[in-house]
1. Just give me the residues in the stretch 152-210 being in contact (Cβ under 8 Å) with a residue 60 or more places away in the chain, aliphatic (A, V, I, L, M) and open to solvent by less than 30 Å² (accessible area, probe 1.4 Å), in sequence order.
2. In the stretch 372-389, what count of residues is obtained for those that are outside any loop (DSSP other than H, G, I, E, B) and either among the hydroxyl-bearing types (Ser, Thr, Tyr) or open to solvent by 80 Å² or more (accessible area, probe 1.4 Å) (or both)?
3. Pairs please, first residue from the stretch 394-406 and over 11 Å from Gly370 (Cβ atoms), second anywhere and among the charged types (D, E, K, R) and buried (at least 17 other Cβ atoms within 10 Å of the Cβ), Cβ atoms under 8 Å, 6+ apart in sequence or on different chains.
4. Output the qualifying pairs, or none if there are none: Cβ atoms under 6 angstrom, residues six or more apart or on different chains, first residue in the stretch 25-40 and over 13 Å from Arg135 (Cα atoms) and in contact (Cβ under 8 Å) with a residue 12 or more places away in the chain, second residue open to solvent by 40 Å² or more (accessible area, probe 1.4 Å) and part of a strand (DSSP E or B).
5. Starting from residues that are within 27 Å of the chain's Cα centre (by Cα) and buried (at least 18 other Cβ atoms within 10 Å of the Cβ), keep the ones in the stretch 315-328 and report whichever is farthest from Tyr271 (Cα to Cα).
6. What is the one condition in (1) out of contact with any strand residue (DSSP E or B) (no Cβ under 9 Å at 6 or more places or on another chain); (2) crowded, with 19+ Cβ neighbours inside 10 Å; (3) aromatic (Phe, Trp, Tyr) that Tyr281 does not satisfy?
7. Of everything in the stretch 307-331, what is without any contact (Cβ under 8 Å) to a residue 40 or more places away in the chain, touching a strand residue (DSSP E or B) at 6+ places or on another chain (Cβ under 6 Å) and closer than 12 Å to Pro389 by Cβ? Give them in sequence order.
8. Residue check, Gln137 against (1) touching a Leu at 6+ places or on another chain (Cβ under 8 Å); (2) at pLDDT below 95, all met but one. Which one?
Amino acid sequence: MAIQVKAVEEGSPAQRAGVLPGMLLEEADGNPLNDMLDYEFYTASAHIRLKVSQDGAERELLVEKEEYQPLGCDFETYLIDEKHSCDNHCMFCFIDQLPKGMRPTLYFKDDDERLSFLYGNYITLTNLNPHEVERIQKMHISPINISVHTTNPQLRVRMTANKRAGEVLAYLKDFARAGISMNFQLVVCRGINDGQELEKTLQDLLALGDEAVESIAAVPIGLTRYREHLYPLTTYDAPSAAGVLEILEQAGEKCMKDWGRRVVFPADEWYLQAGRPLPDYDFYEDFVQLENGVGMWRKYREEFLWELEAAPAPQKPLEWDVVTGTLAAPLIEEMARQVEEKWPQVQIRVHPIRNDFFGGNVSVAGLVTGQDILRQCKGKLSGRVLGIPEVMLRDEGDLFLDDVPLTRLEEELGRPVRVLPCQGAENLRALLEG
């Protein structure tokens, strides 16, 4: 398989070497080019023999450039070929719990090792073939992010509904031997892979060694009200969440003693569900599992307060209404009171939005929908501006999960809407700018 060039950047090494739009890039230094990983890896050298073809005629071009300087070719898609979709039917999959009729992109499940390397996505390994495993080792793609959930082969097959899910666990040792570090994710389901199964999973993963295991995050299942014909699962309550926390914290303390770093991190939700205070800032070390909700609460709070201590007083009175999910509401409310105590001319009213759209135990801000905000805020706003956390919107910053646009909130609620950063310091700066 070759890759077709869509465009060539002006003045780039590719253009100087004679690469033209429409050409097929066949090989770089004898290595076949199939996708973006091949392209980036094999064109990193300063001197490249590039085999190309056009209209069936093959030729060789010599490329001279700086090492790691981009070659300068553009393609139809970023990955060059299609994204690899997920072959699993996990009992806890959130996408399977979405209602019908939402925009098509929300239903796509990716399980692509290239996106793991490029964007930090998590993969299950179940759709990797031997060539792809070999390529990961050859290119030393590290770290790689893996959704494991359990190291019990039979249980992993059951949880993912994929007959390969158990056998591909052998890749973990292959990657460890190749010097590839890994971040692991465990979605923990009550009565399924917690308790002794969780203890065994942590033991197995940590046995891969200090250099191989970068971090392990454990997150609780999230259940919506759209679980018809799906595996019956039960949410965690305070005692059961505390039981999981105990296992995770014991494993983390053992890593601190043996390796000098924590490695095993519970998601913030475990502490909130168990009714326990969240750990101090230093507990989370480099916040390597932030995307899994590990340390988000503590990081936001401390950085908000640091910024509050140093920030200059606002030059004019400010009146905000701010929405958030019910999980984060106590934190946002606390920060609002801290601001008002320091500067009485700033008023921030926090509106915790109950997630009626998804129901169940969904309480995170990132899954709040526009229609729930409209229903719960209509007639209740007192400020001059409505603040919306950016995590509630798609990447383009214009639509909620239910396709309600920001402009509709402005029209129906009668307030200008401002999108607020989710990092503590940046959030405060945006609030003080009005």
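The values are calculated or read from the model by the stated rules, or taken from the named source; none is laboratory data. None of the values given here were measured: they were computed from a predicted structure. Cβ sites come from the backbone with ideal geometry, for glycine too, and all protein chains shown count toward neighbours. Surface accessibility is based on the protein's heavy atoms, side chains included, excluding ligands, DNA and RNA. Shrake-Rupley method; radii C 1.70, N 1.55, O 1.52, S 1.80 Å.
1. Residues satisfying the conditions are Met159, Ala165, Val187, Ile192, Leu202.
2. The number of residues fulfilling the criteria is 1.
3. Within 8 Å, the pairs are Gly397/Glu390.
4. Here the result reads Glu26/Lys51; Glu27/Lys51; Asp29/Arg49, each pair linking the stretch 25-40 to a residue that is open to solvent by 40 Å² or more (accessible area, probe 1.4 Å) and part of a strand (DSSP E or B).
5. By that ranking, first place goes to Val322.
6. So the condition that Tyr281 fails would be (2).
7. The answer is Ala329, and nothing else.
8. The number of the failed condition is (1).
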